[in-house]
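Here's the structure we're looking at; comments come further down.
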Amino acid sequence: MAYDLIIVGAGPAGMSAAVYGKRAGLDLLVIEKNPMGGGQVLNTYEVDNYLGLPGINGFDMGMAFQKHAKDLGVQFVTATVSELKLAGEIKEVVTNKGTYEAKTVILALGAHHAHLEVPGEEKFAGKGVSYCATCDGAFYRGKVAAVVGGGDVAVEDAIYLARFCEKVYLIHRRDSLRAAKSLQDKLFALENVEVIWNHVVEEIKGEMSVQSLALRSTLEDAAQKQEQQTALIANEDGASELVVDGVFIAVGIKPDTDMVREQVECNSAGYVIAGEDCKTSLEGVYVAGDARQKPLRQIITAVSDGANAATYASLYLMK
C-alpha cells in the first residue's frame, strides 16, 4: 500500500516536512541514508542566527529536530536511495532495503561541499584536506591551517579554527569577502588570522599529508603582486607557496539532485526550480531545503520549505 507522503532526506527541511505532514494526519515515511538525521547542521559548531536559539550547538539542534519528529510518531528508514520514479500517480522510491511507494514525494535531498578540483585535493582527502572545520579542526591544535573561500562558511571556519590553531590563513580569490558583516568583524579582530587576498589554490602539496599550498595571484598588475603577504614564498614559475599543516575547503555547495535532473525542471547549477509553494514541474512532487533554487540557503529557510512542501502536499492529497 502506498504512503500518502515519502520524504527523501532528514535534514532540517525533511524534519520540518515530517512534523507538518504528521500534524496534517498524513501517513508518511522519512528515508535518510545516514543513521542520524539532521543533515549538514550536525557538523556546525555554533548556530547563531536561528530565531530564538542564538549560539545553539549544531549537533544539539539536529537532535532536537529529530526528537520532535519522532515524538510525533514519524516513521524513519535508514536506507540509500538508488532511483526515484516520480512520474505517474504513484511514485516509487527504490532503495537498498526495498521499494517504497507514495502518492506524493518531498525531495529534501540537500547538498554537498564543492571541491577545488586541483591536484592533491583527492590524494590528501582526510590527510590534511577537509571540508568540515568542526569535524576535523581539533586535529590542528597548535598547528597552521588554511581556509579557502570568502563566504559565511569560510569565515565561520576560520573563526572556529583560530580558537586552537597557532595560525590560520583565509585564502580568497577577490579583494573583499562575501560573508556577513558581523562575521567579518569577528574575523578581523583575531590576531592569529591572516587573510590572503586575490589568490587561488593551484595545488595541494605534501608527502604523506598536506605540507603546503601552491597559490597563484589573480592580479595582473605587477606592482600589486609585489605587495603580497610575507607568509608567501615566491617560486620561479610565478606561483607562491604557503606552508600549512592542513587546508579546509569552503567554496560553496552543490545540490544532490543527480537522480532527479532528468525528471523535474532544474536550473543550470542543478537546483530544482520551485517557488515558495515548493511545487516542482511534476504533479505531486515537491522540493525543500538546499536542493531548491532560491537566493538564501539557511537552516531557517530549509525549515520553512519543509513546512510549505508538506502543507501543499496535504492540499494536493485532499483534492
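What follows draws every value from the coordinates through simple rules; no lab data is involved. Here the structure is a predicted model, which means the values were calculated and not measured. Don't worry about glycine lacking a Cβ; one is built from the backbone with ideal geometry, like all the others, and counts go over all protein chains shown.
Values for this structure:
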read-out: Förster radius 22 Å - calculated FRET efficiency between residue 1 and residue 265 (Cβ-Cβ, nearest 0.05); value: 0.15
read-out: Förster-model FRET efficiency, 22 Å R0, residue 163 and residue 218, C-beta, rounded to 0.05; value: 0.15
read-out: Cα-based helix-to-principal-axis angle, 58-71 vs the chain, degrees rounded to 10; value: 10
read-out: Built amide H within the under 5 Å cut-off of residue 114, gap 5+; value: 251, 252, 253, 254
read-out: Choice from 18, 158, 179 showing the highest fluctuation, given a GNM over the chain with Cα pairs closer than 10 Å; value: 179
read-out: Environment charge of residue 32, counting only residues whose C-beta is closer than 15 Å and scoring Lys/Arg +1, Asp/Glu -1; value: +2
read-out: Total formal charge among the other residues, if their Cβ is under 10 angstrom from that of residue 270, Lys/Arg +1 and Asp/Glu -1; value: 0
read-out: Acute angle (nearest 10 degrees) that the helix 152-161 long axis makes with the longest principal axis of the chain, alpha-carbon atoms; value: 60
read-out: Choice from 71, 60, 157 with maximal GNM fluctuation in the chain (Cα, 10 Å cutoff); value: 71
read-out: Paramagnetic reach from residue 114 in the stretch 250-272 [backbone N under 19 Å; point 7 Å along Cα→Cβ]; value: 250-258, 266-272
read-out: Solitary cysteines of the chain, where the nearest other Cys Cβ is not under 4.7 Å; value: 165, 266, 278
read-out: Unsatisfied cross-links (Cα-Cα over 20 Å) in the set 127/205; 85/279; 91/254; value: 91/254
read-out: Sequence ranges 305-314, 40-49, ranked by mean other-Cβ count within 10 angstrom, highest first; value: 305-314, 40-49
read-out: Percentage relative contact order, the stretch 129-249, counting C-alpha pairs under 8 Å, at least six apart; value: 29
read-out: Length-normalised contact order of the chain in % [C-alpha pairs under 8 Å, at least 6 apart]; value: 21
read-out: Computed magnitude of the charge dipole of the stretch 129-249 (debye, nearest 20; Cβ of K, R +1, Cβ of D, E -1); value: 380
read-out: 318, 36, 15, 259 arranged by Cβ crowding within 10 Å, fewest neighbours leading; value: 318, 36, 259, 15
read-out: Residues whose placed amide H lies under 5 Å from that of residue 199, excluding near-sequence neighbours; value: 172, 173, 174, 218
read-out: Electrostatic dipole magnitude of the chain [Cβ: Lys, Arg +1; Asp, Glu -1; Cα centre; debye, to 20]; value: 880
read-out: Cβ-placed point charges (K, R +1; D, E -1), dipole of the stretch 1-140 about Cα centre in debye, nearest 20; value: 280
read-out: Cα long-axis angle, helix 299-318 against the chain (0 to 90 degrees, to the nearest 10); value: 20
read-out: For the stretch 277-315 versus the stretch 1-59, the gap between their alpha-carbon centres in whole angstrom; value: 13
read-out: Fraction of antiparallel bridges per DSSP, the stretch 129-249 only, in percent to nearest 5; value: 45
read-out: Cβ-derived FRET efficiency at R0 41 Å, residue 176 paired with residue 33, nearest 0.05; value: 0.60
read-out: Which of 318, 39, 109, positive extreme of dipole for the chain (C-beta unit charges); value: 318
